[in-house]
Amino acid sequence: MKHIAIIPGDGIGVDVTREAVKVLKRAQQVYGLELALTHFDWSAEKYLKEGIALPEGALDMLRNEYDAILAGAFGDPRVPVGKILFKLRFGLDLYVNFRPIKLLNETLTPLKNRTTKDINFVIFRENTEGMYINMGGIFKKDTPDEIAIQEDMNTRKGVERILIAAFEYAQKHGKNCVTMADKSNVLRFGHDLWQRTFRDVALRYPGIKADNEYVDALAMRMTLKPDQYEVIVTNNMFGDIITDLGAALQGGLGVAASGSIHPGKVSLFEPVHGSAPKYAGKNIANPIGAVLSAGMLLEYVGYGEAAQGIEKAVIQTIVTQQTTRDLGGSLSTTAAGDAICLALK
């Protein structure tokens, strides 16, 4: 039995998670999966009512009693950023942010004359270091002499383990090349560490080509020639940027799935579109990102056949235009989820 924690979170996270859970339950029936789904109401609303983002002992409970977490979206303008998600990410040490950039149908990409074979790669984003760890400060705030310092922290351990994760994925999935994106020409200390560590790790995988590009050049080439990439690995901030570029190439944030992973330990899977409060409860959000995230979760816990089945079902609904309006269909969130369930046979 695989124990799965469900945390819908905020805004449209509630709407799309409902459909993802519906698809998980359908997959249980079709593939005979042994899943135990437990729902948690951790959200901005709960925080505003009770002043608690995560209950005491929540991280230990997730770590010891669950195999994976399916999350919806987190974010509310009334609540400080990251109250729940950052605590999960850092508390569970989810150092791999894994983003598949996979075009499911040619009609979805804004690029001209590109096929599903051209846009099919993955990005490994370091998830627990870099610019996003809130190190720094402000001196003389709101004065003409104000100084703001934001630290970029990179450790040998943190850099090495995300690089190893990328090479291990490439080796396991028969990929020929791992490309690291950095800006070592100007960020001469932190990214010198990335360069040296990349060379050291690459020596352990002699059958895989180790390539290196500055992130601005990589962003350009991702757009002009996406088919040249197989596995990309980069730091936290650059990864945040190029994964959204990748989402645009594959059809938009509505179809983008992700995993925040600590290999071999409880990990979290979520769509990347955010909570979009103004669309919450209107039954118009695209559930595909959440559904594909649920598929990634199933693959992570050992149900690869069911994960493939979910992706095929999603593709079928895109081909038949049984989608929400952002993808050219006319269905509601609920109806789009129903269509995926019906296609999952």
Take residue 329 and tell me if it is without any contact (Cβ under 8 Å) to a residue 60 or more places away in the chain, crowded, with 17+ Cβ neighbours inside 10 Å, outside the structural domain of residue 122 (by TED's automatic domain parsing) and part of a loop (DSSP other than H, G, I, E, B). yes
Those residues of the range 294-309 which are acidic (Asp, Glu) and in contact (Cβ under 8 Å) with a residue 12 or more places away in the chain amount to 305
Only listed residue being of a type outside the set (Phe, Trp, Tyr), in the same structural domain as residue 177 (by TED's automatic domain parsing), closer than 30 Å to residue 55 by Cβ and out of contact with any helix residue (DSSP H, G or I) (no Cβ under 6 Å at 6 or more places or on another chain), chosen from 134, 120: 134
So, first residue in the same structural domain as residue 126 (by TED's automatic domain parsing) in the range 181-199, second residue modelled with pLDDT of 95 or more and exposed (fewer than 13 other Cβ atoms within 10 Å of the Cβ), Cβ within less than 7 Å, six or more apart or across chains; the pairs are 193/156; 197/156
For residue 258: the one exception among (1) more than 27 Å from residue 16 (Cα to Cα); (2) in a strand (DSSP E or B); (3) among the polar types (S, T, N, Q): (1)
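In the set 340, 284, which member is more than 30 Å from residue 95 (Cα to Cα), aliphatic (A, V, I, L, M) and surrounded by fewer than 20 Cβ atoms within 10 Å (Cβ to Cβ)?
Values: 340 fails: surrounded by fewer than 20 Cβ atoms within 10 Å (Cβ to Cβ).
Answer to the check: 284.
So which residues in the range 1-58 are closer than 16 Å to residue 289 by Cβ, among the hydrophobic types (A, V, I, L, M, F, W, C) and part of a helix (DSSP H, G or I)?
12, 14, 16, 20, 21, 23, 24
Against the condition closer than 22 Å to residue 169 by Cα, over 13 Å from the mean Cα position of the chain (by Cα), surrounded by 15 or more Cβ atoms within 10 Å (Cβ to Cβ) and not basic (Lys, Arg), how does residue 201 come out, does it pass? Break it down into steps so the answer makes sense when it comes.
Values: closer than 22 Å to residue 169 by Cα: yes; over 13 Å from the mean Cα position of the chain (by Cα): yes; surrounded by 15 or more Cβ atoms within 10 Å (Cβ to Cβ): yes; not basic (Lys, Arg): yes.
Criteria met by residue 201.
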Positions within the range 257-274 being under 24 Å from residue 330 (Cβ atoms) and surrounded by 19 or more Cβ atoms within 10 Å (Cβ to Cβ), in sequence order: 257, 271, 273
Here are some residues: 217, 165. Which one is touching a residue at least 60 places away in the same chain (Cβ under 8 Å) and either at positive phi or part of a helix (DSSP H, G or I) (or both)? 165
For the range 223-257, name all the residues that are free of Cβ contacts under 8 Å to residues at least 60 places away in the same chain, aliphatic (A, V, I, L, M) and either in the same structural domain as residue 293 (by TED's automatic domain parsing) or over 26 Å from residue 153 (Cβ atoms) (or both). 224, 253
Condition first: of a type in the set (Gly, Ala, Ser), closer than 17 Å to residue 246 by Cβ and at pLDDT 95 or above. Now tell me which residues in the range 256-303 satisfy that. 256, 257, 258, 259, 260, 289, 293
Filtered residues of the range 272-293 (kept if outside any helix (DSSP H, G or I), touching a strand residue (DSSP E or B) at 6+ places or on another chain (Cβ under 6 Å) and within 17 Å of residue 102 (Cβ to Cβ)): 272
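The values are calculated or read from the model by the stated rules, or taken from the named source; none is laboratory data. The shown structure was predicted, so the numbers you read here are calculated from the model rather than taken from an experiment. A quick note on method: Cβ atoms are made from the backbone with ideal geometry, for glycine too, and the neighbour counts reach across all protein chains shown.
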